[in-house]
Amino acid sequence: MIRRVELDKNLEELRNLLRQMAEHVIDALEGAVLSLQKLDTSRAQEIVQADVHLNELEEKIMDIGSRLIVTQQPVAKDLRRIIVAFRISSDLERMGDLALDVAKVTLRIQGQDLIKPLVDIPRMAEIVTLMTSEAITAYLDENTDLAHKMAMDDDQVDHLYSSMINDLYTYMSEKSESVSQAMLLTLVGRYIERIADHATNIGESVVYLVTGKRPDLNM
């Protein structure tokens, strides 16, 4: 009974840490895109400096989970809970790195004006922010329907990314002086599109947690 109470307490701690990681990713992505829209290098620098906190959260999850496997020898769904915590923390850490990369683009174009108003990038970020929020909610609630929704949202992001790439390539062909910044903006789109892929990975992990089978939602 004591072992069960201790296990449940630590599993809940993993859930809380993953919630914190997701909140960090959402804040970082929103801040990074806003820094790009406003060319706010101070905000971008804050995001860069705050990234260490996300890494610390991931390390805590790895430590707790590893200790539980050794001391509690969990089986069945309890073991899946720990495995899934490892997977989701890895996805969230990578999502945070990608949001950081967006902020770094703001720093790279410091002193320039934007070649054109940002339209698709903020829209992509809005969808991906919601995906991240819903992905962690799906995990916390063990909601497989919400987890499967990631695939549809990911398709929206892919469509916007393709549209953005086409627009920027057309813009570059007409205004060759814009090539350098346009290429950086295509990278931003790619970073956000990759965050969506990782959110979809979280959806897959949720389905695995509940059913014991891992679907492929990134199709």
Out of Gln73, Gln181, Gln110, any idea which swings most in a Gaussian network model of the chain, alpha carbons joined below 10 Å?
Gln73
1/(1 + (r/R0)^6) with r = Cβ-Cβ of Ala76 and Val52, R0 = 41 Å, i.e. FRET efficiency to nearest 0.05, evaluates to 0.70
With a ≥ b ≥ c taken as the square roots of the eigenvalues of the C-alpha gyration tensor of the stretch 159-201, please select rounded if a/c is under 1.5 and otherwise prolate if a/b is larger than b/c or oblate if it is not?
oblate
Counting Lys and Arg as +1 and Asp and Glu as -1, each charge on the Cβ, what is the dipole of the chain about the Cα centre in debye, to the nearest 20?
500 debye
With the crude spin-label approximation of a point 7 Å out along Cα→Cβ, what separation in nm comes out for Arg190 versus Glu177?
2.6 nm
Size of the dipole of the stretch 117-165 about the Cα centre, Lys and Arg at +1 and Asp and Glu at -1 on the beta carbon, nothing else charged, in debye to 20?
180 debye
Quick check: the angle from helix 120-141's long axis to the longest principal axis of the chain, C-alpha only, nearest 10 degrees?
0 degrees
Among Asn201, Asn166, Asn143, determine the one that fluctuates most according to a GNM of the chain built with springs between C-alpha atoms less than 10 Å apart.
Asn166
Qualifying lysines (Cα of each under 18 Å from Cα of Lys9; at least 8 residues distant if same chain)
Lys60, Lys77
Which of Ser66, Ser173, Ser42 moves most in a GNM of the chain, Cα contacts under 10 Å?
Ser173
How high is the relative contact order of the chain, in percent, with contacts defined as C-alpha pairs under 8 Å that are six or more residues apart?
27 percent
Measure nothing but the geometry: give the 0 to 90° angle between the long axis through the Cα atoms of 2-38 and the longest principal axis through the Cα atoms of the chain, rounded to 10°.
0 degrees
Among Met95, His148, Asn166, whose Cα lies farthest out toward the positive end of the dipole of the stretch 91-170, if unit charges sit on the beta carbon of Lys, Arg (+1) and Asp, Glu (-1)?
Asn166
Can you give the extra length, in nm with one decimal, that the chain gains between Arg67 and Val119 once fully stretched, where that is 0.36 nm per residue apart less the Cα-Cα distance?
14.1 nm
Crossing angle, helix 41-72 versus the chain [Cα axis fit, 0-90 degrees, rounded to tens]
20 degrees
Enumerate the lysines that Lys104 could reach by cross-link, defined here as Cα to Cα under 26 Å, with residues fewer than 8 away along the same chain left out.
Lys38, Lys116, Lys175
Rounded, prolate or oblate: which one fits the stretch 110-212, using the alpha carbon gyration tensor with axes a ≥ b ≥ c (rounded when a/c is under 1.5, else prolate when a/b beats b/c, else oblate)?
prolate
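Read-outs: derived from the displayed coordinates by stated rules, not from any lab. Remember, predicted model here, so these are calculated numbers, not experimental data. In this analysis, Cβ positions are derived from the backbone assuming ideal geometry, glycine residues included, and neighbour counts consider all displayed protein chains.
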